[in-house]
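**Q** Dumping the structure here so I can ask a few things about it.
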Amino acid sequence: MKVFGIVIKIVAALAAIAGIAFVVVKYGDQIVAWFKKTFGGLFCCNCECDCDCDCCEETSAEEISEVVEEGAVVAAEADFEG
């Protein structure tokens with residue numbers, strides 16, 4: 001009977017892990033959007049803070065091309081359009 005209880009606990013733990021994985025795969029985009037909407041003001045991406053970070057400044061294409069080394073593969077925005 002003791003072994004049966006252990007097996008049931010293992011099966012329940014695996015089912016819980018599978019359920020969490022399903023929720024993350026199914027609703028991951030919505031969870032990320034909610035998190036950014038809710039906690040977005042805590043990070044340095046709104047440019048309303050007094051910190052010295054440069055995370056909000058956009059980088060021009062010329063600056064990116066200077067950084068990219070020869071032979072590196074670079075993805076364009078058109079590669080990600082659906």
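The values are calculated or read from the model by the stated rules, or taken from the named source; none is laboratory data. All values reported here derive from a predicted model rather than from experimental measurement. In case anyone asks, the SASA skips ligands and DNA or RNA and just uses the protein heavy atoms, side chains included. Shrake-Rupley method; radii C 1.70, N 1.55, O 1.52, S 1.80 Å.
**Q** Keeping all protein chains in place, calculate the accessible area per residue for the stretch 1-42 (probe 1.4 angstrom), answer in Å².
**A** Values: 3920 Å² over 42 residues.
Dividing the accessible area of the stretch 1-42 by its residue count gives 93 Å².
**Q** Here's something else I'd like to know. Round to the nearest 10 and report in Å² the accessible area of Ile17, as given by a 1.4 Å probe over the protein chains' heavy atoms.
**A** Its accessible surface works out to 110 Å², give or take rounding.
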